[in-house]
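Enquirer: What follows is a structure written as structure tokens; I'll ask about it next.
FYI, it's all coordinate maths here, none of it is from the lab. For clarity, every value in this text was computed on a predicted model and none was experimentally measured. Neighbour counts run over all protein chains shown; Cβ positions are idealised from the backbone, glycine included.
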Amino acid sequence: MIDKRLWTAELLYQNGNMSAYTVPVGKRSDRERSSLCFSLEENDGALTGGIDLEIKDRTLEDVPFLVTENPVTVRIPVEEKPEKITALYMFSPWWSRPAFRENLSEIPQRTQAAFFKMREDCVFVLPLVGNEFRTSLTGGGDGELVFEMTAGLGGIRRVKEKIFIMTRGKNAHAAAEKAFRELSRQTGLKLRKDRRVPEMAHYLGWCSWNAFYEDVSEEKLRDKVREIRDKKVPFRWILIDDGWFTAREKTVCDLKPDSVKFPKGFRSMIDDAKKETSVSWFGVWHALGGYWDGVAEDSPAARSEAPYLYKNPAGKLVPHPVRGSGFYRDWYELLKKEGISFVKVDGQGTLPFYYRNGFPLARAARDTGFALESGTCVMDGAVINCMGMPMENIVSRPSAAISRNSDDFFPDRQGSFDEHLLQNAYNSLYHNEVYCCDWDMFWTRHEAAEKHALLRAVSGGPVYVSDRVGETDPEIIRPLVYTDGRVLMLERSARPTEDCVFTDPMLEGTLKIHNFGFCGADQKAGGIAVFNLTGVTRRFSVSPSQVPELDPDRKYWIWDFRQKAALSGDWKDSFSGEIETAGFGWYVFLPRGENGTCLGLSDKYAGFTAVETQYAAGKTDTVILKESGTVTWLSDKRPVRVTAGGKNVTKKMESRGSVHTLRLPERAGRVVLTVSWAEEEV
């Protein structure tokens, strides 16, 4: 895609001057004021571009230091222009979203991952975070890629950094996977497969934020616990969000719970909740700096944590990026004694504001990531990272597995579902390579509750809600979890099908997102959720071939979850239909068995993952499910004998065409089912 010969560097100096150098790649250019060399390395199909720039010594009165913000711009000519572009750019200091573009000049500023549709394949460009500088992609001339570099620190005279990794693949996922694999090789960055998701995140949770916002208290939390107890909703963790500690003008004053809101601290409330409900874990929220503007000066927190704090050039008192591990460790040890077992750390994208003109951005991110995770060791590393999608955050967490994937769920903002879906679906194209993506909380009593529930079911990440007291709807939750609150979690983050990657679903077509899981020890099944975000009825089609993990040599059942209907076909066959404005659907693909195919718990969105084992012996199928409930088989044959736990339940089997359903009580614990099939077809 790129011209590998002549690249240009534009330098901005503190004295207001600018200079530009066009240099052959691999050749050093020595001038009176500077020395510059571009590099381009290839490994396993991944290209890595770099820069080595040095500002030379001059007289004391004329030392040309670089400016603080974007002092270096690199322009690289393009030989092969893309047909379409999907750029994931930072629309705020904390979150990214997609922009669908036709020309290179239209790429938004602070793009941190970009996909380019070429004639026959896909190119992925990943701007890099180096030792001191963060690089991002932006629009320039239509015949070039433009990279802006910043360290958030003035006076720098040496820039020796990797700028980008560029890969090609048969599709967007293949190209992104190759780039992050190369980044991991170069830097040691752990990829998602090597990160351990905390145990609590595999279960259903509740968060106080949209219920109480900052007005949280022990009394209100106890009210919610009573509702959980009375409704028997299997929540297994509770997150106490913003408002639980003493604050002054957006600074934290004390690391202990607010003595007015929580007069006895947390411990007695937590102990009582665990006795009364299924809740096993409690967590608390805080911002990376303690609170949004850090730690209050002349406060108990400032005095006790003084060795670990740093007063930045703007006068804010924040955790020191190197010594800050002591701040987090002290806080978490105190919280652990109060019964807290995990934390949600918000506002991580504020790093440039905390450490600007104090520490180079990339180094501050790396040191802060290490400091935070050193502290979370006292909680077995159980942390939800939030408002931390800038690339300097993404690549600077040593081991943490969970990272929020979008801006907040806004229950009262009209039409917010569409934007929430858009961000989560497209951010997963790159964010999933490193993290288990958190698609945020939602309300079960909301106009879009069912759609939000489906999103969480296919997200491949944590599931938690934030209903106000008295408003949790168990029926919305039931399709997401087992009776003990364990989430039926798919294997990765859901992402758009390839035919949606370069199309703006707000303007045309439908948005289809896919994921997969196991329906037995080694069999893979998958599904596609379809959403119409436009103002008119749209046609759509889904196919097993659109889920890349599925075996192309198998035949599949296509199960329409909402209509409870099925059809059968080859891997490439598709199901087509129409979907109304604001409509949605969920289509599951299961490999056909010799006799019948078990859908698992068919009233659960990802119910096929409840199948622990299934095998055929002659005309009899045996299925072991992880728990009992409504079970459906798909078969063209007629069932003649059905057993559950050894008991004959044939008369309970309801058949409608090729759909055969057995309704058993919802009950924890494995159940063994057998179905014997007739020779003839139904």
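Enquirer: Which aspartates and glutamates, on any chain, are close to Lys4 with Cα under 13 Å apart, when same-chain ones fewer than 8 places away are left out?
Expert: Straight-line reach from Lys4, under 13 Å: Glu41, Glu42, Glu79, Glu80, Glu144.
Enquirer: Can I ask one more? Mind checking the angle between helix 325-337 and the chain's longest principal axis? C-alpha axes, 0 to 90 degrees, to the nearest 10.
Expert: Between helix and principal axis, roughly 30 degrees.
Enquirer: Which listed residue (Pro548, Trp559, Thr534) has the Cα farthest towards the positive end of the charge dipole for region 505-591, taking +1 on Lys and Arg C-beta and -1 on Asp and Glu C-beta about the Cα centre?
Expert: It is Thr534.
Enquirer: Continuing with the same structure: Could you sort 318-326, 68-76 so that the peptide with the highest average Cβ count within 10 Å comes first and the rest follow in order? Present the calculation step by step, with values, prior to reporting the outcome.
Expert: Numbers: 318-326: 21.3, 68-76: 19.7.
Going from most to least packed, we get 318-326, 68-76.
Enquirer: If you restrict to DSSP beta bridges whose two residues both lie in region 505-591, what percentage is antiparallel, to the nearest 5?
Expert: Working: 30 of 30 bridges.
Counting only bridges with both partners in region 505-591, antiparallel ones make up about 100 percent.
Enquirer: With a sphere of radius 13 Å drawn around the Cβ of Leu567, what net charge do the other residues whose Cβ falls strictly inside it have (Lys, Arg +1; Asp, Glu -1)? Could the numbers behind the result be given before it?
Expert: Numbers: positive: Lys555, Lys564, Arg592; negative: Asp560, Asp570, Asp573, Asp636.
Surrounding charge for Leu567 is -1.
Enquirer: Okay, moving on. Report the GluC sites (Glu not before Pro) located in region 1-59 that are in a DSSP loop and have at most 12 other Cβ atoms inside 10 Å of their Cβ, or state none.
Expert: Values: sites: Glu10, Glu32, Glu41, Glu42, Glu54; in loops: Glu32.
Those satisfying the criteria are Glu32.
Enquirer: Taking Cα atoms, how many degrees apart are the long axis of helix 416-431 and the longest axis of the chain, rounded to 10 and kept between 0 and 90?
Expert: Rounded to the nearest ten degrees, it is 70.
Enquirer: Turning to a different aspect of this structure: What is the sum of charges around Tyr213, taking Lys and Arg as +1, Asp and Glu as -1, for the other residues whose C-beta is under 9 Å from the C-beta of Tyr213? Intermediate values should be presented prior to the final figure.
Expert: Values: positive: none; negative: Glu214, Asp215, Asp241, Asp242.
Summing Lys/Arg as +1 and Asp/Glu as -1 gives -4.
Enquirer: Provide the per-residue ³J(HN,Hα) series for region 382-398, in order, calculated from phi with Karplus coefficients 6.51, -1.76, 1.60 and θ = phi - 60°, each as a whole number of Hz, with x at glycine and proline positions.
Expert: Rounded to whole hertz, the list is 7, 9, 9, 7, 9, 6, x, 8, x, 4, 5, 6, 4, 8, 10, 9, x.
Enquirer: Quick one: if you take sqrt(5λ) for each eigenvalue of the C-alpha gyration tensor of region 505-591, what semi-axes come out, biggest first, whole angstrom?
Expert: Values: eigenvalues 117, 29, 25 Å².
Each semi-axis is the square root of five times an eigenvalue, giving 24, 12, 11 Å.
Enquirer: Add -39500 (n - 2.57) for each DSSP H run of 4 or more in the chain, then divide by its residues: what number comes out at 222 nm, to the nearest 500 deg cm²/dmol? List each step's numbers first, then the result.
Expert: Values: 12 runs with 118 residues, N = 682.
Estimated from H runs of four or more residues: -5000 deg cm²/dmol.
Enquirer: Rounded to the nearest angstrom and ordered from largest down, what semi-axes does the equivalent ellipsoid of region 197-345 get from its C-alpha gyration tensor (root of 5λ)?
Expert: Working: eigenvalues 173, 47, 33 Å².
Result for region 197-345: semi-axes of 29, 15, 13 Å.
Enquirer: Let me ask you something else. Binning at 20 angstrom from zero up to the longest distance, how are the C-alpha pair distances of the chain distributed in percent?
Expert: Going from the shortest bin to the longest, the percentages are 17, 46, 30, 6, 0.
Enquirer: With only alpha-carbon pairs counted, each pair once and no self-pairs, how large is the Kirkwood hydrodynamic radius of region 1-158 in angstroms?
Expert: Details: mean 1/r = 0.0606 Å⁻¹.
One over the average 1/r among Cα pairs gives 16.5 Å for region 1-158.
Enquirer: What does region 99-215 give for Rg and for Dmax, in Å, if only its C-alpha atoms count?
Expert: Just the Cα atoms of region 99-215 yield Rg and Dmax of 18.6, 55 Å.
Enquirer: OK, next. Please compute the length gained on full extension between Thr650 and Ser19, using 0.36 nm multiplied by the number of residues separating them and subtracting their Cα-Cα distance.
Expert: Taking Thr650 through Ser19 to full extension adds about 218.9 nm, to one decimal.
Enquirer: Quick one: which of Lys626/Lys652; Lys224/Lys256; Lys81/Lys178; Lys170/Lys512; Lys178/Lys572; Lys512/Lys626 span more than 24 angstrom between C-alpha atoms? Walk me through the numbers on the way to the answer.
Expert: On the way: Lys626/Lys652 20 Å; Lys224/Lys256 22 Å; Lys81/Lys178 21 Å; Lys170/Lys512 19 Å; Lys178/Lys572 26 Å; Lys512/Lys626 29 Å.
Listed pairs above 24 Å: Lys178/Lys572; Lys512/Lys626.
Enquirer: Also, I was wondering about something else. Separation of region 467-535 and region 219-244 by C-alpha centroid, Å?
Expert: If we compute the Cα centre of each part, the gap is 25 Å.
Enquirer: Above 23 Å lies some portion of the pair distances; for region 194-480, what is it as a whole percent of all C-alpha pairs? Write down the numbers at each step before the final one.
Expert: On the way: 21676 of 41041 pairs.
For region 194-480, the share of Cα pairs beyond 23 Å comes to 53 percent.
Enquirer: Bin width 5 Å, alpha-carbon pairs only: give the P(r) of region 593-682 as whole percents, running from 0 to the bin holding the largest distance.
Expert: Per 5 Å bin, starting at zero, the Cα-Cα P(r) for region 593-682 comes out as 3, 16, 30, 29, 17, 5, 1, 0 percent.
Enquirer: Return the long-range amide H neighbours of Asp438 (sequence gap of 5 or more, or a different chain), with a cut-off of under 5 Å between placed amide H atoms.
Expert: Ser403, Arg404, Asn405
Enquirer: With just the Cα atoms defining each centre, how far is region 67-96 from region 590-660? Give it in Å.
Expert: 51 Å
Enquirer: Another question about this same structure. Quick one: helix 172-187 against the long Cα principal axis of the chain, what's the angle to the nearest 10°, folded into 0 to 90?
Expert: Roughly 50 degrees, rounded to the nearest 10.
Enquirer: Given the peptides 20-27, 430-437, 480-487, arrange them by the average over their residues of other C-beta atoms within 10 Å, most packed first. Show your work: numbers first, answer last.
Expert: Working: 20-27: 13.5, 430-437: 25.0, 480-487: 19.4.
In descending order of packing, they fall as 430-437, 480-487, 20-27.
Enquirer: Only bridges with both residues in the chain count here: give the DSSP antiparallel percent, nearest 5. List each step's numbers first, then the result.
Expert: On the way: 145 of 169 bridges.
Around 85 percent antiparallel, to the nearest 5.
Enquirer: Given a Förster distance of 56 Å, report the FRET efficiency between Glu297 and Ser29 from their Cβ-Cβ distance, rounded to the nearest 0.05. Numbers along the way, then the final one.
Expert: On the way: r = 49 Å, r/R0 = 0.87.
Between Glu297 and Ser29 the formula returns 0.70.
Enquirer: Using θ = phi - 60° and the Karplus curve 6.51 cos²θ - 1.76 cosθ + 1.60, what whole-Hz ³J(HN,Hα) does each residue of region 434-448 get, with Gly and Pro shown as x?
Expert: 10, 10, 6, 7, 8, 8, 6, 7, 7, 9, 7, 10, 7, 4, 10
Enquirer: Calculate the tail of P(r) for region 526-682: the fraction of all Cα-Cα distances greater than 20 Å, expressed in %. If you can, show how the numbers build up before the last one.
Expert: Numbers: 6173 of 12246 pairs.
So the portion of pairs separated by more than 20 Å is 50 percent.
Enquirer: Can you give the local net charge around Leu6? Use residues other than it whose beta-carbon is closer than 13 angstrom to its beta-carbon, Lys and Arg +1, Asp and Glu -1. Could the numbers behind the result be given before it?
Expert: Numbers: positive: Lys4, Arg5, Lys27, Arg75; negative: Asp3, Glu79, Glu144.
Net charge in that neighbourhood comes out at +1.
Enquirer: Search the structure for amide H atoms under 5 Å from the amide H of Thr111, placed 1.01 Å from N in the peptide plane, and list their residues when 5 or more places away or on another chain.
Expert: Answer set, sorted by chain and number: Met90, Leu137.
Enquirer: Of the options Ser268, Gly290, Leu255, report the single residue whose Cα projects farthest towards the positive end of the charge dipole of region 253-301 (beta-carbon charges: Lys, Arg +1; Asp, Glu -1).
Expert: Farthest along the dipole direction, towards plus: Ser268.
Enquirer: For Ala247, enumerate residues with amide H under 5 Å from its amide H, sequence gap 5+ or separate chain, H modeled in the peptide plane.
Expert: Cys253
Enquirer: Also, quick follow-up: Could you compute the FRET efficiency for Asn103 and Asp380, with r as their C-beta to C-beta distance and R0 at 51 Å, rounded to 0.05?
Expert: Details: r = 49 Å, r/R0 = 0.95.
Once rounded, the FRET efficiency stands at 0.55.
Enquirer: Given the peptides 636-644, 498-506, arrange them by the average over their residues of other C-beta atoms within 10 Å, most packed first.
Expert: Numbers: 636-644: 16.8, 498-506: 18.6.
So the order, starting with the most tightly packed, is 498-506, 636-644.
Enquirer: If you don't mind, there's one more thing I want to ask. Percent of Cα-Cα pairs per 5 Å bin, from 0 to the last occupied bin, for region 320-459, please list those.
Expert: Using 5 Å bins, I get a P(r) of 2, 10, 18, 19, 17, 15, 11, 7, 2, 0 for region 320-459.
Enquirer: Follow-up question, since we're still on this one. Using a simple spin-label model with points 7 Å from Cα along the Cα→Cβ vector, what separation in nm is obtained for Thr613 and Asp194?
Expert: If labels sit at Thr613 and Asp194, their model points lie 3.4 nm apart.
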